[in-house]
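Trainee: I'd like to ask some things about the structure below.
The values are calculated or read from the model by the stated rules, or taken from the named source; none is laboratory data. Note that this is a predicted model, so its numbers are computed, not measured. Here the Cβ positions follow ideal geometry from the backbone for every residue, glycine too, while neighbour counts run over all protein chains shown. SASA here: full protein model, heavy atoms, side chains in, ligands and nucleic acids out. Shrake-Rupley method; radii C 1.70, N 1.55, O 1.52, S 1.80 Å.
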Amino acid sequence: MKRFIGLLQFMTRIPIKADIGFDEEFHKSIVYFPLVGFVIGLISFFIGSLAIRIFDPFITSILIVAGEVILTGGLHIDGLGDTFDAIYSNRDKDRMLEIMKDSRLGTNSLLAILFLVLIKIGLLNSAINSNLMYLIIFMPMISRLGVIIMLYKTVTPRKVGMGNIFIGKATLGMFITAIVHTIVIIVAISKFIFLSTDFNIIILLLSIVVVMIFDYLFKNHIYKKIDGVTGDILGCTIELGELIFLLFSYIVILI
């Protein structure tokens, strides 16, 4: 429980006043990545449920996306921007790593964030109009499960970085445990709370596979660029994982 609380403090801006002390094996909290996503998803769903009583689905979608950015302190979307600025700068590895550390916003960063936010709002708007707002609960959870691929048998090209706590530290056992957590939550929430059809539950489970395949391919792509993974790459992967989840849900369920 201490590691779960510590991970919530690390990955979100949820005001949790708890001193868990120093943990030399904090990397073992990787198994709770999906549970942190689940908490973010529940809060986002709550925001959406309140907003839809006042606003139309489009404005509600904007508020949901804004709420998630606030919940995470913009940590992951900042990683998205830094990653696109660096990886697609057509520079050498060392220069890419320097660009990734630069706090200034470049053109690639601006465009990546802009289009991700716009597409996410559009997809959420379609989901809400189709009475599928409950997808919001699973979006952050599945993306944070998928990002564990970036932590399994990987290295970091940096000696110091926030992501170094986790990069390369995931074991197969942690991965399997995180997958089990996610599946149990999906089945329980979908079947017993929202009374979703078995078809939709299968689609949600398939979305795990789709997100993981994307993350695996993205990891290989990143390795060709900088021979490793950084904290910014992790944040970027989480954001892209959410987008892939929504795109897959839209194509299979909503169309």
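Trainee: Which of the residues belonging to region 85-125 are part of a helix (DSSP H, G or I), surrounded by fewer than 19 Cβ atoms within 10 Å (Cβ to Cβ) and among the hydroxyl-bearing types (Ser, Thr, Tyr)?
Mentor: Listed by number, the list holds a single entry, THR107.
Trainee: Filtering region 224-249 down to residues that are farther than 15 Å from SER143 by Cβ and in contact (Cβ under 8 Å) with a residue 12 or more places away in the chain, which residue is surrounded by the fewest Cβ atoms within 10 Å (Cβ to Cβ)? Before you say what the answer is, go through the steps one by one.
Mentor: At the first step, the residues of region 224-249 found to be farther than 15 Å from SER143 by Cβ are 224-232.
Those still in the list that are in contact (Cβ under 8 Å) with a residue 12 or more places away in the chain too: 225-232.
On the way: LYS225: 18, ILE226: 21, ASP227: 11, GLY228: 18, VAL229: 27, THR230: 27, GLY231: 21, ASP232: 27.
Ranking the qualifying residues of region 224-249, first place goes to ASP227.
Trainee: Report, ordered by the first and then the second residue, all pairs with beta carbons closer than 7 Å, sequence separation of six or more or different chains, a first member in region 163-187 that is more than 18 Å from VAL229 (Cα to Cα), and a second member that is surrounded by fewer than 17 Cβ atoms within 10 Å (Cβ to Cβ) and at pLDDT 90 or above.
Mentor: ILE183/LEU205; ILE186/LEU205
Trainee: Quickly run through region 126-175 and pick out the residues that are over 16 Å from LEU247 (Cα atoms), part of a loop (DSSP other than H, G, I, E, B) and among the aliphatic types (A, V, I, L, M). Talk me through it step by step, then tell me what you get.
Mentor: So in region 126-175, the residues over 16 Å from LEU247 (Cα atoms) come out as 131, 144-145, 147-175.
Among the residues that remain, those that are also part of a loop (DSSP other than H, G, I, E, B) are: 131, 153-161, 166-169, 171.
VAL155, VAL160, ILE167 - these are the residues of region 126-175 that are over 16 Å from LEU247 (Cα atoms), part of a loop (DSSP other than H, G, I, E, B) and among the aliphatic types (A, V, I, L, M).
Trainee: Within region 36-60, count every residue that is more than 15 Å from ASN129 (Cβ to Cβ) and not in a helix (DSSP H, G or I).
Mentor: The qualifying residues number 2.
Trainee: Does any residue in region 197-215 that is more than 16 Å from ALA127 (Cα to Cα) come within less than 6 Å, Cβ to Cβ, of a residue that is open to solvent by less than 60 Å² (accessible area, probe 1.4 Å) and among the hydroxyl-bearing types (Ser, Thr, Tyr) six or more places away or on a different chain, and which pairs are these?
Mentor: As it stands, the answer is ASP215/THR237, since those pairs meet every condition given.
Trainee: Within region 188-222, how many residues are surrounded by fewer than 17 Cβ atoms within 10 Å (Cβ to Cβ) and either assigned to a loop (DSSP other than H, G, I, E, B) or at pLDDT 90 or above (or both)?
Mentor: Matching residues across region 188-222 total 11.
Trainee: Considering only region 159-175, how many residues are more than 18 Å from PHE10 (Cβ to Cβ) and touching a helix residue (DSSP H, G or I) at 6+ places or on another chain (Cβ under 9 Å)? Outline the logic, then answer.
Mentor: Step one: of region 159-175, the residues more than 18 Å from PHE10 (Cβ to Cβ) are 159, 171-173, 175.
Filter once more, keeping what is touching a helix residue (DSSP H, G or I) at 6+ places or on another chain (Cβ under 9 Å): 171, 173, 175.
Qualifying residue count, region 159-175: 3.
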